[in-house]
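Read the structure below first, then the notes.
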Amino acid sequence: MALDPKQAMQVAHVLTEALPYIRRFRRKTVVVKYGGNAMTDPTLQSGFARDIVLMKLVGIDPVIVHGGGPQIGQLLDRLGKKTEFIDGMRVTDAETMDVVEMVLGGSVNKRIVSLINQHGGRAVGLSGKDGGLIRARKLEAAGDLGRVGTVESIDPDVVRNLETGGFIPVIAPVGVDEDGATYNINADLVAGTLAGVLQAEKLILLTNTAGVLDRDGELLTGLSPARVEALIEDGTIHGGMLPKIRCALDAVASGVRAAHIIDGRVEHACLLELFTDAGVGTLINGS
């Protein structure tokens with residue numbers, strides 16, 4: 001059905017607003033951490049895949065790092081495997097790690113790849129084991145978390161080769177240590193570290209919140225690292241938002257131009273944040 005003249009003019013205005021952003025980000029890398037409602041709602045899944053394909057087609061190089069905690073929990077429940085948590089982190093014994101790797105590197109990863117390919121992209125699924133991408137080490141915590149790891153180092157060669165070949169890397173946050181032991185790593189941490197190694201233009205973290213809010217519930221954006229530290233110090237940023245904020249701060253300190261914490265519950269959130277003046281989340285500028 002044809003657009004009426006008013007709708008057609010709105011489309012033209014949107015494209016005109018997007019043009020300078022497309023020009024600015026062309027041939028730049030954008031690392032996206034994909035998770036939350038955007039990863040479980042079918043409508044949002046499809047919209048996310050289309051957004052990523054569009055970004056690639058206009059010359060931006062998206063790299064996706066995904067989570068999968070709810071999917072891991074569902075399979076463990078079906079298998080009758082009891083899960084223990086310490087400070088919000090899943091204790092991961094060898095048997096649980098097998099499930100984690102199967103879910104993250106298998107079903108979840110390939111579902112994302114398939115969706116992107118269905119919408120005309122060329123996605124390739126990876127885990128940190130592929131091409132020596134993620135070297136891990138055991139995460140030291142108050143209790144023994146088992147096979148929960150942190151990033152020791154990242155070798156970006158396989159990601160760079162896929163980018164230059166026209167492919168979209170989709171990465172499961174699983175790494176190996178020097179002895180070949182497999183570890184589950186927080187996806188935000190992997191995305192932030194990878195963005196720094198790739199010297200990405202942007203790091204985008206999809207969340208189930210509007211972004212960073214002040215004490216009156218108003219969205220904060222255009223923040224400097226110093227301003228973010230002050231908000232942490234006075235307690236405005238607290239609780240579950242802190243790990244994401246720390247990840248974003250580490251990324252911009254490593255050379256990423258900007259980090260975004262955006263509301264993944266909003267359809268086409270990535271495009272709105274990248275290509276419109278208003279955006280849909282919190283922007284943290286590099287120092």
> How much accessible area does F25 have with a 1.4 Å probe, in Å² rounded to the nearest 10?
Replying inline: 0 Å²
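Can you tell me the accessible area per residue over the chain, all protein chains present, probe 1.4 angstrom, in square angstrom? Let's see the in-between values first.
Working: 13620 Å² over 287 residues.
It amounts to 47 Å² per residue over the chain.
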>> Tell me the angle of helix 69-78 to the major Cα principal axis of the chain, expressed in degrees between 0 and 90 and rounded to the nearest ten.
In response: 50 degrees
>> Angle check, please: helix 187-198 long axis (alpha carbons) against the longest principal axis of the chain (alpha carbons), in degrees 0 to 90, nearest 10.
In response: 70 degrees
> Given the chain, what count of lysine pairs have C-alpha atoms under 18 Å apart, with each pair 8 or more places apart or on different chains?
Replying inline: 10
>> Out of all DSSP beta bridges in the chain, what portion is antiparallel? Express it as a percent rounded to 5.
In response: 35 percent
>> How big is the chain along each principal axis, measuring the range of its Cα positions in Å and listing the largest first?
In response: 61, 46, 35
> Y183 accessible area, nearest 10 Å², 1.4 Å probe?
Replying inline: 20 Å²
> How high is the FRET efficiency from H238 to Q199, r the C-beta distance, R0 41 Å, rounded to 0.05?
Replying inline: 0.85
> Just the C-alpha atoms of the range 221-287: what Rg/Rh do they give, with Rh taken as the Kirkwood radius?
Replying inline: 0.97
>> Suppose every Lys and Arg Cβ carries +1 and every Asp and Glu Cβ carries -1, with no other charges. What dipole size does the range 138-287 come out with about its Cα centre, to the nearest 20 debye?
In response: 200 debye
>> Need one number: nm distance between label points at T276 and E178, each 7 Å from Cα along Cα→Cβ, rounded to one decimal.
In response: 5.0 nm
>> Quick check: with the 1.4 Å probe, what order do K28, K56 take by accessible area, largest first?
In response: K28, K56
> Modelled label-to-label distance, S107 and M89, 7 Å Cα→beta-carbon offset: nm?
Replying inline: 2.5 nm
>> Please give the charge dipole size of the range 1-159, origin at the Cα centre, charges +1 on K and R Cβ atoms and -1 on D and E Cβ atoms. Round to the nearest 20 debye.
In response: 640 debye
> For the Cα atoms of the chain, what angle does the longest principal axis make with the long axis of helix 109-118, in degrees from 0 to 90, nearest 10?
Replying inline: 20 degrees
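Using only DSSP helix segments of four residues or longer, with each worth -39500 (n - 2.57), what per-residue ellipticity at 222 nm results for the chain after dividing by its residue count and rounding to 500? Can you show the working numbers first?
Details: 11 runs with 119 residues, N = 287.
Result for the chain: -12500 deg cm²/dmol, rounded to the nearest 500.
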>> Suppose each label sits 7 Å from its Cα in the direction of the beta carbon; what would the D41-D157 distance come out to in nanometres?
In response: 4.2 nm
> Would you list D51, D157 from the most to the least accessible area, probe 1.4 Å?
Replying inline: D157, D51
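Per the 1.4 Å probe, what fraction of the accessible area of the chain, in percent, lies on carbon and sulfur atoms?
Numbers: 7120 of 13620 Å².
About 52 percent, which is the carbon plus sulfur part of the accessible surface.
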>> Keeping all protein chains in the complex and leaving out DNA, RNA and ligands, what accessible area do you get for I52 with a 1.4 Å probe, in Å² to the nearest 10?
In response: 0 Å²
> For A12 and L57 in one chain, what is 0.36 nm times their gap in residues minus the Cα-Cα distance, to one decimal in nm?
Replying inline: 14.3 nm
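Note down the magnitude of the dipole of the chain about its Cα centre, charges +1 on Lys and Arg C-beta and -1 on Asp and Glu C-beta and zero elsewhere, to the nearest 20 debye. Before the final figure, lay out the partial values.
On the way: 29 positive and 35 negative charges, 187 e Å.
The dipole magnitude comes to about 900 debye.
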> Just the C-alpha atoms of the range 39-79: what Rg/Rh do they give, with Rh taken as the Kirkwood radius?
Replying inline: 1.15
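The values are calculated or read from the model by the stated rules, or taken from the named source; none is laboratory data. All values reported here derive from a predicted model rather than from experimental measurement. Every residue, glycine among them, receives a Cβ derived from its backbone with ideal geometry; neighbour counts consider all protein chains shown. Each accessible area value is taken on the protein alone, full model and side chains, heavy atoms only, with ligands, DNA and RNA left out. Shrake-Rupley method; radii C 1.70, N 1.55, O 1.52, S 1.80 Å.
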